[in-house]
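Data block below; observations after.
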Amino acid sequence: MIKSTKHKDEPAVVYEVPLKSKSEKPNLDGDRLNLFLLIILYTIQGFPIGVSTALPLILQSKKMVTYEDQAAFSMALWPYSIKLLWAPIIDALYINSIGRRKSWLLPLQLLLGVAFFYMSINMDDWLPETGRPNLTMIVRMIFVVNFLSATQDIAVDGWSLTVLKKKNVGYASVCPSVGVPIGMFSGSVCFTLLVSEEFSVKHLGTIPGAGGIMTMKSFFSIWAIIILVVTVFIGLFKNEKHKLEDGHKKISVFQNYKLLWDILKLPRVRVLTIALLTIKMGFTATESVTNLKLIDAGIPKDDIMMTTSVMYVMKFVFPIFVCKYVTSSTPMSYHLKMTPIRLIWGIVFSVMVYYTPSLIFKDGHISIPLYYYLILGLVTLVNEMLSLFLMVTLLAFFCKISDPRFGGTYMTLYNTFYFLGWLIPNTFVLKLIDILTFRKCTNNVENTCNTENLKDLCIVNGGTCGIYVDGYYVSVAICTAIGFIWYFTFRNILKNYQLVDLYHWMIHGKNLNSNEEVNEPCIMSPA
């Protein structure tokens, strides 16, 4: 029913949406196949991201490109940070007879499969064993597949709010937390190792000159087939019901952009936007720079990559064990409880970095003991678990406060601000570390080694440029302090936001009967 309000921080007219399932406990009976379908769709989404991180490493290992060329790959992931620009189009335009989400999902994934087939045919020419690669075509195709994947993400995020029963919508946050890492692992680690001749010869005993276990052509072809098969299956057998569209006027693209603007004008959304743009600042220094500092200390890059690969196994299964937290009515409370622990653990990480040189150097050379790898693995594991827990509970909060009828716009809006909350401070902190790091020449204290000429002069005179103030530790302290300021500023605000009825987050509403519930069967009857 229509409910008026006199509060200043709410629209003049809002629409209450009573839901029968609101008080029901989550129960996956009848939804398990829907959950599995969402995980598969998010896995497909994660694969292009993984390929985007693997190809620059392959190019660098072949010593075919410069760092200026590598910078071109920064464009490849832009679609994920700007997809909010076309999210309203995905929500507004669709063919009702096909389905609101399927209208976009089917052609997008068909194009994605065709794009990977095209890459499989031409990748050997674009990336030859010897000679200059066709970097322009590689970057263009990676951009294209990421654009398709980012747009597919808008449709899947919106569908995740209606394909599950309302009482199970909290599980929607688990699906990307499981599926995207699987796709990224396949596109990065598996792709890199399976096409690597060096890995095959060293670890699998293959004959030198035979290449990797798989060629790039066969790897991309297999994934293209997987994507196309899943797409055909959804088109033929997955039914999309439209209960929430019944009696609701379909809005135009212009109206949907106005909807986005109206959402941004909601007082709670404005406050949430500020919170999301600053939510990662407390963790930025440890997340972005720690591995670089470990490499500088003497830990081999391959060892760090193997540790990272092992962490993927935990990423696959960990969300399953936190379902009861993300499906609760107060997921943000659990997020806020873990935030101080995550901030403190960043200090533990920096302490490990500080003592790393004294632990791995013996008699003037690097000798890494087994117990150090155990310490590194334990600290990294706890850090990943805390990071994943915070992300999953935050996604559950997004699901809770998103209007299902405009789910693609809502979820993309929140996820975009969350991504920018990582991207913006990441660049800032990297520059801050350089600014706050002070050096001096060992045989001339007046030489600050601030420029390349001063560094060369120090070396010519037989000295070395040593660090006497490391900007990394200063940045960790600053970020941690900002993190605690963020925590005490937004703790009570966000706790209260999760208790607010859904209609307070809605612009356009429609009364639902108390016995009405969103529930799509997973498989459509062949008849």
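Per-atom-type breakdown for the stretch 191-234 gives carbon and sulfur 71% of the accessible area (1.4 Å probe, protein chains only). Obtain the nm distance between the two label points defined at Ile58 and Gln255 by a simple spin-label model: each point lies 7 Å from its Cα along the Cα-to-C-beta direction. It is 4.7 nm.
What FRET efficiency would be calculated for the residue pair Val317, Leu436, taking the C-beta separation as r and a Förster radius of 41 Å, to the nearest 0.05? Once the sixth-power term is evaluated, E becomes 0.60. At full extension, Lys495 and Val232 could sit 90.4 nm farther apart than now, given 0.36 nm per residue minus the alpha carbon distance. The accessible-area ordering, largest first, of the residues Glu129, Glu240 stands as Glu129, Glu240, per a 1.4 angstrom probe.
Under the 0.36 nm per residue contour assumption, what length would be gained going from the current alpha-carbon distance of Tyr118 and Tyr372 to full extension?
So the extension gain works out to 86.9 nm.
Ordered by 1.4 Å accessible area with all protein chains kept, Lys258, Lys455 run largest first as Lys258, Lys455. Sorting 113-119, 216-222 by their mean Cβ neighbour count within 10 Å, with the most densely packed peptide first, gives 113-119, 216-222. Take the stretch 93-171 with all the other protein chains still there, run a 1.4 Å probe, and you get 37 Å² of accessible area per residue.
For the pair Val348 and Val469, the difference between a 0.36 nm per residue extended length and the Cα-Cα distance amounts to 41.6 nm.
The values are calculated or read from the model by the stated rules, or taken from the named source; none is laboratory data. Values in this document were obtained by computation on a predicted structure and should not be read as measured data. Every residue, glycine as well, gets a Cβ built from its backbone with ideal geometry; the counts of neighbours run over all protein chains shown. For the accessible areas, the whole protein counts, side chains as well, though only heavy atoms, and no ligand, DNA or RNA atoms are used. Shrake-Rupley method; radii C 1.70, N 1.55, O 1.52, S 1.80 Å.
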